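Rule-based calculations on the coordinates, nothing more; no lab input. The model shown is predicted, which means the values in this text are computed figures rather than measured ones. Positions of Cβ are generated from backbone atoms using ideal geometry, with glycine treated the same way; all protein chains shown enter the neighbour counts.
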Amino acid sequence: MTIPHITSTRDDALATLLEKAINNKTKPLGSLGVLETLAKQVGMIQKTTEVELHHPAIVVIAADHGVVAEGISAYPQSVTWQMVENFLSKGAAINVFARQNECALYIVDAGVNHDFGPRDGLLSRKVGLGTRNFAVEPAMTAEQCNAALAAGMALVAELDGNVVGFGEMGIGNTTAAAALMHKLTGIPVAACVGAGTGLSADGILHKQRVIEAAVRHHATAGEPLDVLATFGGFEIAMMAGAMLKAAERRMVLLIDGFIVTSALLVAARLQPAILDYCVFSHCSDENGHQRLLDNLAARPLLRLDLRLGEGTGSALALPLLRASVNFLREMATFESAQVSEKSA
């Protein structure tokens, strides 16, 4: 498996030019706050002061997880395929938000335990009918993990825009994400595990114990790809591959919630420079997400207590990304507007 090589966006000369362009707009120095930081980041990604966004897309990748056999979810596995049907019917939150923000939306079957047949609007990249139960055996074989990574890379290679957001659907995937987080960061399992789709306190404790037992069972898994294959999901692996390819193409990556961030964690352990390309949409209400963001030294744009997934945070953050680019492109300078600059 060939992992794309990601180069850092660092360029001191370009950074100076971007700062000068931002500071010369008709506003007090630094008064657009995080939007100024974001504008500079986009400029560094695109290697220009003439920044632009075109054809933004959100890719929602769905798959099932064998670990649901351990009773770690408040919902049955069938909800995964039912929600995919909802996406295809344009009835889910992500459909509403993507439509509202004029963003292309792609729905991908990475490994749902259901036969959809040929369907308009569904990209079939099925690696299998869900992963195996990682409480008993590795979730994926190395070959399946590589296939999912490669499929994600191929998906992004076909996009014609320069900004891509990520979303997911998969009953049981917060359990996989929490296991990945623990194994790759060393943060205690209890701090990684949350309610997911709505578990009770007892359910959360059970989920924690399932992960702890699985970690002991698979104690030898340590390298990022081994950890991904052992505890991950087809959708998580596919997102990791897609993120790596997107960064290689110097696209802006909109990172959604806990599960998407766990996929990024894997990608970042493989290619740390990928973080230069990431815009963190929000901090979700899922326990563990803040700790995971802290581990990645990430600053989220929004805090809306979201806990839905689907890429909804990515869609909601897109207008802020557009605002950062548009002020740099369109806002007058002190000279062009004949506005006096600060005198002292």
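Ordering S89, A139, A110 by the projection of their Cα atoms onto the charge dipole of region 1-153, which places +1 on the Cβ of Lys and Arg and -1 on the Cβ of Asp and Glu, puts S89 at the extreme positive end.
Across T220, T131, T197, mean-square fluctuation computed from a Gaussian network of the chain (C-alpha pairs under 10 Å connected) peaks at T220. Taking a Cβ cut-off of under 12 Å around S336, the surrounding Lys, Arg, Asp and Glu residues balance to a net charge of -1, with basic ones at +1 and acidic ones at -1. For the chain, the residue among G43, T175, L316 whose Cα projects farthest onto the positive side of the dipole built from Cβ charges is G43. Cβ crowding within 10 Å ranks I274, I58 as I274, I58, fewest other Cβ atoms first. The lysines whose alpha-carbon is closer than 18 Å to the alpha-carbon of K27, local same-chain residues fewer than 8 away aside, are K40, K342.
Using 0.36 nm per residue and subtracting the Cα-Cα separation, the extra length available between Q82 and S336 on full extension is 85.9 nm.
Calculate how many DSSP beta bridges within the chain are antiparallel, expressed in % of all such bridges and rounded to the nearest 5. Walk me through the numbers on the way to the answer.
Details: 1 of 24 bridges.
Percent antiparallel among DSSP bridges in the chain is about 5.
Protection proxy ranking for 26-39, 68-81, using the average of other Cβ atoms within 10 Å per residue and placing the highest first: 68-81, 26-39.
Given a cut-off of 35 Å, what percent of all Cα-Cα pairs of the chain lie beyond it?
Working: 12650 of 58996 pairs.
Here the tail beyond 35 Å accounts for 21 percent of pairs.
Local charge for P138 was computed over the other residues whose Cβ lies under 11 Å away, with Lys and Arg +1 and Asp and Glu -1, and equals -1.
Would region 162-296 count as rounded, prolate or oblate if I go by the C-alpha gyration tensor, calling it rounded below 1.5 in a/c and otherwise prolate when a/b exceeds b/c, oblate otherwise? Don't skip to the answer; put the middle values down first.
Numbers: a/c = 2.01, a/b = 1.48, b/c = 1.36.
Prolate.
Counting each DSSP H run of 4 or more residues in the chain as -39500 (n - 2.57), what helix-only mean residue ellipticity at 222 nm follows after dividing by all residues, to the nearest 500 deg cm²/dmol? Provide the component values of the computation, followed by the final result.
Working: 14 runs with 160 residues, N = 344.
Computed ellipticity for the chain at 222 nm equals -14000 deg cm²/dmol.
Tell me which trypsin sites (Lys or Arg not before Pro) from region 119-160 have a DSSP coil assignment and no more than 13 other beta carbons within 10 Å of their own. It would help to have the intermediate numbers written out before the result.
Values: sites: R119, R125, K126, R132; in loops: R119, R125, K126, R132.
Here the sparse-neighbourhood loop sites are R119.
Please state the shape class of region 30-119: rounded when a/c is under 1.5, otherwise prolate if a/b exceeds b/c and oblate if not, all from the C-alpha gyration tensor. Since a/c reaches 1.5 and a/b is larger than b/c, the shape of region 30-119 is classed as prolate.
For region 57-325, what is the charge dipole size about the Cα centre, in debye to the nearest 20, if Lys and Arg each add +1 at the Cβ and Asp and Glu each add -1 at the Cβ?
Working: 19 positive and 25 negative charges, 77 e Å.
So the dipole magnitude of region 57-325 works out to roughly 360 debye.
Note on L155, L129, L184: ascending count of other Cβ atoms within 10 Å places them as L129, L184, L155, the fewest first. Between the listed residues V325, V68, F234, the Cα displaced farthest toward the positive end of the dipole of the chain, a dipole computed from Cβ unit charges relative to the Cα centre, is found at V325.
Ordering 320-330, 296-306 by mean Cβ neighbour count within 10 Å, with the highest value first, yields 320-330, 296-306.
Taking other C-beta atoms within 10 Å as the exposure proxy, K90, K40, K245 rank K90, K40, K245 from fewest upward.
Extension gain A201-V34, at 0.36 nm per residue separation less the Cα-Cα distance, in nm? Intermediate results must be reported in sequence, preceding the final value.
Details: separation 167, 0.36 × 167 = 60.12 nm, distance 3.63 nm.
Contour length minus Cα-Cα distance gives 56.5 nm.
Within the straight-line cut-off of under 23 Å between alpha carbons, the lysines reachable from K126 are K90, K245, sequence neighbours fewer than 8 places apart in one chain being disregarded.
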